[in-house]
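Engineer: First the structure, then my questions, so here it is.
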Amino acid sequence: MLDTDFFRRWMAATAAAVDREASRLTELDAAIGDADHGSNMQRGFTAVTAALERESPATPGAVLTLAGRQLISTVGGASGPLYGTLLRRTGKALGDEPEVTDGRFADALEAGVEAVAQLGGAKAGDKTMLDALLPAVGALRSSAGAARDAALAGALATVPLQARKGRASYLGERSIGHQDPGATSAALLVAALVEAAGTSGGGDA
Amino acid sequence: MSEEQQVGIVLVSHSGPVAETVAELARGLAAGGATAPVAAAGGTSAGGLGTSVELIAGAARSVDRGAGVALLVDLGSAVLTVKAMLAEGDELPPGSRLVDAPFVEGAVAALVTASAGGDLDTVEAAAADAYGYRKV
């Protein structure tokens, strides 16, 4: 079972990973976007950390709903509404139980990813965060470690793709050969699940 | 046609100056006299390029007269932020609607229509019609 603390640890581990990788995310974004993804994500997850400390949400659903709201409010770029919708919709799907099963979480995250796809109008292969999230959601049915590996592989697989959504799509073929910053940060979010589960290689989250 | 029933217009751009200037342009072209309420919500709260939920919500509240609020957006996070706000959350007044229209031409059409007392459907249709003005 996954309790409220698990979800707080997930957000904390994501915030730490975003801090650690911020300059890399911005470099990736400089190649095909507007060079603000690292700082935008950092601002967003700093706000998430502060809000979770301030408000102490009592359920898994409330943790993610609050985190999502912070991202939408503070990021300022397209990743705000996208990640915000991901976490807010996942949180809503978790309901208000004090702890949830692994299967329930996988279902909820799938609903969150579907909401992202609907909001952005993107699909698999468009060189977006979905290219990490969609394989991760499927693999999460096995383990958090499998989800992490699938997300990372998905992010790496965006390199040869041509962007079809967002600012990078204006570059056309010139977007080929660069790893998508959104898929890269999405892989950080998924990898943080493994840290939250307290294992390094698999876990049953 | 009473003033308190006018539809409000919110212009959401990636850039503060773009939103402000388009609002000014629309007011200038809409009428000699009072127009329906229009507010700009461009850029981040800190004044940079981007989108702010706080500015959008504040602008929508400031133009809400109870007849609905039409939100026009330019690109990128402006589109996604308004859609995310409408999909979930309670930051926008009831009767708020994202209008699919070209930003500049749509803003003028929307404000002219709202100032003439058009309801939200009519304002939306007028703004969307602006896509049909071919220039070549």
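No lab work stands behind these numbers, since they all come straight from the coordinates. Keep in mind the model is a prediction, meaning the values are calculated, not measured. Positions of Cβ are generated from backbone atoms using ideal geometry, with glycine treated the same way; all protein chains shown enter the neighbour counts.
Engineer: For B:Val136 and B:Arg61, calculate 0.36 nm times their separation in residues minus their Cα-Cα distance, and state this gained length in nm to one decimal.
Structural biologist: 23.1 nm
Engineer: Pairs of Cα atoms under 8 Å, at least six residues apart: use those to get the relative contact order of chain B, whole percent.
Structural biologist: 31
Engineer: So, with +1 on the Cβ of K and R and -1 on the Cβ of D and E, and no other charges, what is the size of the charge dipole of chain A about its Cα centre, to the nearest 20 debye?
Structural biologist: 480
Engineer: Equivalent-ellipsoid semi-axes (√(5λ), Cα gyration tensor) for chain A, whole Å, largest first? Write out the running numbers ahead of the final one.
Structural biologist: Details: eigenvalues 134, 63, 44 Å².
The three semi-axes for chain A are 26, 18, 15 Å.
Engineer: Right, next: Using 1/(1 + (r/R0)^6) with R0 = 35 angstrom and r between the beta carbons of A:Asp5 and A:Ser169, what's the FRET efficiency to the nearest 0.05?
Structural biologist: Approximately 0.30, to the nearest 0.05.
Engineer: Same structure, new question: With labels modelled as points extended 7 Å from the Cα through the Cβ direction, what inter-label distance (nm, one decimal) is found for B:Gln5 paired with A:Lys123?
Structural biologist: If labels sit at B:Gln5 and A:Lys123, their model points lie 4.5 nm apart.
Engineer: Shifting gears a bit: Return the loop-located trypsin sites (Lys or Arg not before Pro) in the range A:138-199 (DSSP other than H, G, I, E, B) with at most 10 other Cβ atoms within 10 Å of their own Cβ; answer none if there are none.
Structural biologist: Hits after loop and neighbour filter: nothing returned.
Engineer: Please state, as a whole number in µm²/s, the translational diffusion coefficient that the Stokes-Einstein equation yields for the range B:3-132 at 20 °C and 1.002 mPa s, with Rh defined as the Kirkwood radius across alpha carbon pairs.
Structural biologist: Roughly 154 µm²/s, to the nearest whole number.
Engineer: Related question: Where in the range A:84-111 does the amide nitrogen come within less than 16 Å of the point 7 Å from the Cα of A:Arg54, taken along Cα to Cβ?
Structural biologist: Under 16 Å, as judged by backbone N against the label point of A:Arg54, lies no residue of the range A:84-111.
Engineer: What is the mean number of Cβ atoms from other protein chains located within 10 Å of the Cβ atom of each residue in peptide B:72-82, rounded to a whole number? Let's see the in-between values first.
Structural biologist: Working: counts 0, 0, 0, 3, 6, 11, 2, 5, 14, 10, 1.
Average neighbour count from other chains, rounded to a whole number: 5.
Engineer: Could you check the spin-label model distance between B:Ala87 and B:Leu29? Points 7 Å from the Cα along Cα→Cβ, value in nm.
Structural biologist: Computed distance between label sites B:Ala87 and B:Leu29 equals 3.2 nm.
Engineer: Within 10 Å of each Cβ in peptide B:33-45, how many partner chain Cβ atoms are there on average? Round it to a whole number, please.
Structural biologist: Partner Cβ neighbours, averaged per residue: 1.
Engineer: Also, I was wondering about something else. With the dipole of chain B worked out from charges on the C-beta (+1 for Lys and Arg, -1 for Asp and Glu) around the Cα centre, which of B:Ser77, B:Val22, B:Gly95 lies farthest toward the positive end?
Structural biologist: Of the options given, the answer is B:Val22.
Engineer: With angles folded into 0 to 90 degrees, how steeply does helix A:37-55 sit against the dominant principal axis of chain A? Use alpha carbons for both and round to 10.
Structural biologist: 10
Engineer: For the range B:60-134, which chymotrypsin sites (Phe, Trp or Tyr not before Pro) are both in a DSSP coil and crowded by at most 15 other Cβ atoms within 10 Å? Can you show the working numbers first?
Structural biologist: Values: sites: B:Phe103, B:Tyr131, B:Tyr133; in loops: B:Tyr133.
Passing sites in the range B:60-134 are B:Tyr133.
Engineer: Can you tally the lysine pairs in the protein assembly as shown where the Cα-Cα distance is under 20 Å and the two residues are eight or more apart, or on different chains?
Structural biologist: Qualifying lysine pairs in the protein assembly as shown: 5.
Engineer: Shifting gears a bit: Report the residues of the range A:19-37 in range of a label on A:Thr46: point 7 Å along Cα→C-beta, backbone N strictly under 18 Å from it.
Structural biologist: A:19-27, A:35-37
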